Amino acid sequence: MEKIIRIAVQKSGRLSDDSLKLIKECGIKFYNGTGKLKSTATNFPIEFLFLRDDDIPGYVADGVADLGIVGENELVEKDKKVQTLKKLGFSKCRLSLAIPKGQTYSGLSYFEGKNIATSYPKILGDYLTEKGINAEIHEISGSVEIAPSIGLAEGICDIVSSGSTLMMNGLKEVEEIFTSEAVLIANENLASWKQEIVEKLLFRMNAVQKGKSNKYVLLNAPNHALDKIISLIPGMRSPTILPLAQEGWSSVHSVLNEDQFWENIEELRAAGAEGILVVPIEKMVI
Ligand code: PRT
Ligand code: ZN
């Protein structure tokens with residue numbers, strides 16, 4: 001049997017584009033024509049299953065898929081036994097309690113004895129228990145935001161991203177109870193040959209992520225200011241210094257965390273740095 005691992009990704013929705021983009025950035029090539037439920041990479045031992053996100057934790061727990069990409073909200077709600085290998089930094093959102101805009105919110109005790117509509121009964125139930133609030137949870141699978149206006153519930157607990165859906169439905173966010181982003185999950189009992197392939201994939205994902213948070217910086221500096229400038233952009237080992245055609249000047253190349261660059265930009269300019277270029281890095285292996 002050919003040695004190949006399986007990863008479950010969302011077929012279509014808020015996770016799918018970024019999941020596939022990450023896999024492509026890892027240099028993995030595959031064909032995902034519309035309507036396809038399965039696909040095999042041409043240059044890496046991995047097969048894709050395209051599923052609804054709700055089913056991904058279960059498929060990975062059962063071993064039908066070895067890996068999966070899913071939102072933490074869905075993962076915790078489904079409560080399946082899987083291991084989380086890595087946070088992926090996309091599809092970020094929060095799960096919040098919201099009530100009609102006109103109501104005065106007095107704190108969590110507002111919900112005591114009230115009816116809350118949600119698609120996340122487990123996360124909400126655990127949260128209310130921990131906070132000692134007795135409320136009735138009304139589970140519905142979609143369009144949770146309209147529940148208060150049709151008299152189904154007095155409050156809701158749903159995913160919020162920009163907040164505009166709440167606003168459009170005359171609701172206000174009053175408590176954030178959970179934050180979520182996409183994560184890479186794995187079956188808990190992977191055979192060692194599968195683990196080896198997973199390690200290779202993780203190595204590539206880490207290189208892509210590091211590349212994203214770092215920038216290649218090039219600048220021109222007068223030689224007398226080099227020491228000061230090098231101290232501001234230390235780089236991975238140390239910066240590369242190349243002489244410019246114009247005497248007394250050098251070109252300094254370095255790799256920096258983007259935040260570190262912005263923190264030091266004023267000082268760099270004050271020290272005499274000129275012609276500063278910041279270039280994206282596709283992959284970074286250190
Ligand atoms: O069909 P399938 O079951 O696979 O997809 P789905 O419809 O269940 O999920 P999908 O594609 O909508 O979302 C997949 C995952 O993306 C979620 O489980 C979250 O982890 C994450 N995510 C990030 C979001 C949002 N942002 C989001 N804004 N999931 C849902 N929303 C919805 C929310 O339910 C609400 O209706 O968007 C609305 C709120 O958005 P704002 O911007 O108006 O606040
Ligand atoms: Zn879903």
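The values are calculated or read from the model by the stated rules, or taken from the named source; none is laboratory data. Given the structure is predicted, the values throughout are model-derived calculations rather than measurements. Here Cβ is always computed from backbone atoms with ideal geometry, including for glycine, and neighbour counts include all displayed protein chains. Ligands, DNA and RNA are excluded from the accessible area calculation, which covers all protein heavy atoms including side chains. Shrake-Rupley method; radii C 1.70, N 1.55, O 1.52, S 1.80 Å.
Considering region 130-179, and only residues there that are free of Cβ contacts under 8 Å to residues at least 12 places away in the same chain and closer than 18 Å to Leu108 by Cα, the residue that is least open to solvent (accessible area, probe 1.4 Å) turns out to be Gly132.
Identify all residues within region 265-282 that are under 31 Å from the mean Cα position of the chain (by Cα), open to solvent by less than 90 Å² (accessible area, probe 1.4 Å) and either of a type in the set (Gly, Ala, Ser) or modelled with pLDDT of 90 or more (or both); write none if there are none. Within region 265-282, Ile276, Val278, Val279, Ile281 qualify.
Results for (1) closer than 29 Å to Ser162 by Cα; (2) crowded, with 21+ Cβ neighbours inside 10 Å; (3) away from ligand 1 (no atom under 15 Å from the Cβ), shown as yes or no for each residue.
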site	(1), (2), (3)
Lys29	no, no, yes
Thr42	no, no, yes
Pro57	yes, yes, no
Ala65	no, yes, no
Glu72	yes, yes, no
Gln83	no, no, yes
Gly89	yes, no, no
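In this structure, does Leu202 turn out to be in contact with a strand residue (DSSP E or B) (Cβ under 7 Å, 6 or more places away or on another chain) and not in a strand (DSSP E or B)? So Leu202 passes the test. Condition check for Arg14 on (1) of a type in the set (D, E, K, R); (2) more than 23 Å from Val160 (Cα to Cα); (3) in a loop (DSSP other than H, G, I, E, B): one failure, at (2).
For (1) touching a Leu at 6+ places or on another chain (Cβ under 7 Å); (2) touching a residue at least 24 places away in the same chain (Cβ under 8 Å), each residue gets a yes or a no:
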residue: Lys24; (1), (2): no, no
residue: Lys29; (1), (2): no, no
residue: Lys38; (1), (2): yes, no
residue: Ala41; (1), (2): no, no
residue: Pro45; (1), (2): no, yes
residue: Phe48; (1), (2): no, yes
residue: Leu51; (1), (2): no, yes
residue: Ile56; (1), (2): no, yes
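As an exercise: evaluate Gly132 against (1) modelled with pLDDT of 95 or more; (2) at negative phi and give the number of the one condition it does not meet. Exception for Gly132: condition (2).
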